[in-house]
Structure formats: structure tokens, C-alpha cells
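One structure is given below, encoded as C-alpha cells.
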Amino acid sequence: AQSVAQPEDQVNVAEGNPLTVKCTYSVSGNPYLFWYVQYPNRGLQFLLKYITGDNLVKGSYGFEAEFNKSQTSFHLKKPSALVSDSALYFCACKYSGGGADGLTFGKGTHLIIQP
Amino acid sequence: DAGVTQSPTHLIKTRGQQVTLRCSPKSGHDTVSWYQQALGQGPQFIFQYYEEEERQRGNFPDRFSGHQFPNYSSELNVNALLLGDSALYLCASSLGGGTGTQYFGPGTRLTVL
């Protein structure tokens, strides 16, 4: 069985400071990893994904994430936070083997950017 | 380019009733996945449809069933509704399997009274 852990329910960052939202995963075999963002009363918006290759993945709105196989982590980062980045962030994974396409999500992390 | 659309936006039902939710995938996508997101939780995978067949199923009872039509749109049916079925139901579409990114619709908010 696969699982995703987001250890922080909430992360508070001052505008202009760098931000990190943490994610660790457990998957048998090689993982595919994703970050999504959810605004109130909205569906999930895709930010970025890791499939293979370079461990540093760049995505939408200036976000990036680093895949660390030894630590089984995929932390989301941004060099300079904006107030508009405030939202609920979900990390997700799936097994890279064929046929198993259902995503397993973490519980989410509320990111609050203070002006 | 139309994204994933879902209907209705909101729905209120009573225990024991049946409900049907609908999803139209993003243009060019052929795979539809359904997720349940309870309040304060991450989405949980219900099942996925590809080529009009259920390809994979999560840990949900048989009360949850679905269908995919030749135009790739999909329905989620829930029978014998329970209070615990109250949630946001999300539809996601993708192209084939493997590395295809899943793009989500806005969801249907189901309230069971």
C-alpha cells in the first residue's frame, strides 16, 4: 500500500520570504509524485510532478519541488512567497508500474502568507 | 480549451436515497477518475474508468458505481446514501495511464441529511 504524509497542518510565512511545504511518501517501487493546490470551494489545480530525471522539478507560479529518494521526500518550495499563495496544498503519489493510476493524497497543508 | 466540468455543483439528499454525479473530461482526455474529499481530508480515490471499463478501484463499497460513455464522459452513482457520504466529489481526467497528469474539476458538494 502507498501512503503520503504531510507533517504540518499549517505553515505560516511572511510575504517575500522563502517557503517550504513538506511531504514524505511510501511506495513500493519507483514513485510518481505530484503537488496540487486547492483554493476555497474549488477543485484541485496541478502545480508540478516528478516522473523521472532531474530531482529538482519546476512548476507553475514559481513553485519547485525536490525529489529525494533516500529520504523519500518531495518538499514543495518557492524562493519568495506571495500573499496570493495562501491556499491548501496537497502532495500525492502513485506507483509507477502500469495500471495503477489512482493517486494517494496526503491530508493537506494550509499555507498562510502574512503581508 | 474547456477544462473538466462537473454537475451539479451542489446536491442535498436524504439517507437511503440514490444520487448520480456527472463529469465531462478535458478535451482530448480519455480517462476519468473519481475521488471523495471529506471535510478536512485529502481526496480519496474511488475508481477510474478507461475505454468504458472500470480499470482500478479504491477501498469503497459496492454502493459506489460508475459508468463511462463513448464520448469519455462519466457518471458516479451512489446508492443507499449514508450520512458519511457527505463530501466533495471530485472528477479528474487524464490521457491514458502511466505518467498522464490528472486534471481536476471543481467538484460536486453532496450533503446527506
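In this simple spin-label approximation, B:ARG63 and A:ASP9 carry label points 7 Å from Cα along the Cα→Cβ vector, and these lie 2.8 nm apart.
The largest accessible area among A:HIS75, A:HIS110 belongs to the first residue in A:HIS110, A:HIS75, and the rest follow in falling order (1.4 Å probe, all chains). In order along segment A:66-80, phi translates into HN-Hα couplings of 10, 7, 10, 5, 5, 9, 6, 10, 8, 7, 8, 9, 8, x, 9 Hz, rounded to whole numbers, per the Karplus curve 6.51 cos²θ - 1.76 cosθ + 1.60 with θ = phi - 60° and x for Gly and Pro.
Converting the Cα gyration tensor eigenvalues of segment B:36-113 into ellipsoid dimensions via √(5λ) gives semi-axes, longest first, of 22, 15, 11 Å. Distance between the pseudo-spin-label points of A:HIS110 and B:GLN17 (7 Å out from Cα toward the beta carbon): 3.1 nm. Protein heavy-atom surface of chain B, 1.4 angstrom probe: 49% of the accessible area is carbon and sulfur, with nucleic acids and ligands not counted. For B:THR101, the residues whose amide H sits under 5 Å from its own are B:LEU95, ignoring neighbours fewer than 5 places away on the same chain, with H placed 1.01 Å from N.
Phi angles across segment B:103-108 convert, under the Karplus curve 6.51 cos²θ - 1.76 cosθ + 1.60 with θ = phi - 60°, into 3J(HN,Hα) values of 10, 9, x, x, x, 10 Hz, Gly and Pro given as x. For the protein assembly as shown, A:CYS93 have no disulfide-compatible partner, since no other Cys C-beta lies under 4.7 Å from theirs. Summing both sides, the accessible surface hidden between A and B at a 1.4 Å probe radius is close to 1600 Å².
What are the residues whose amide H is under 5 Å from the amide H of B:GLN56, where those residues sit 5 or more places off or on another chain and H is modelled from the backbone? Hits under the 5 Å cutoff: B:GLN48.
The DSSP beta bridges internal to chain B are antiparallel in roughly 90% of cases. Straight-line reach from A:LYS77: taking Cα to Cα under 18 Å and skipping same-chain neighbours fewer than 8 places apart, the aspartates and glutamates in range are A:GLU8, A:ASP9, A:GLU15, A:ASP54, A:GLU64, A:GLU66, A:ASP85.
The values are calculated or read from the model by the stated rules, or taken from the named source; none is laboratory data. Since the structure is predicted, the reported quantities are computational estimates derived from the model, not experimental observations. Cβ atoms come from the backbone with ideal geometry, glycine included; neighbour counts cover every protein chain shown. Calculation scope for accessible area: heavy atoms of the full protein, side chains included, ligands and nucleic acids excluded. Shrake-Rupley method; radii C 1.70, N 1.55, O 1.52, S 1.80 Å.
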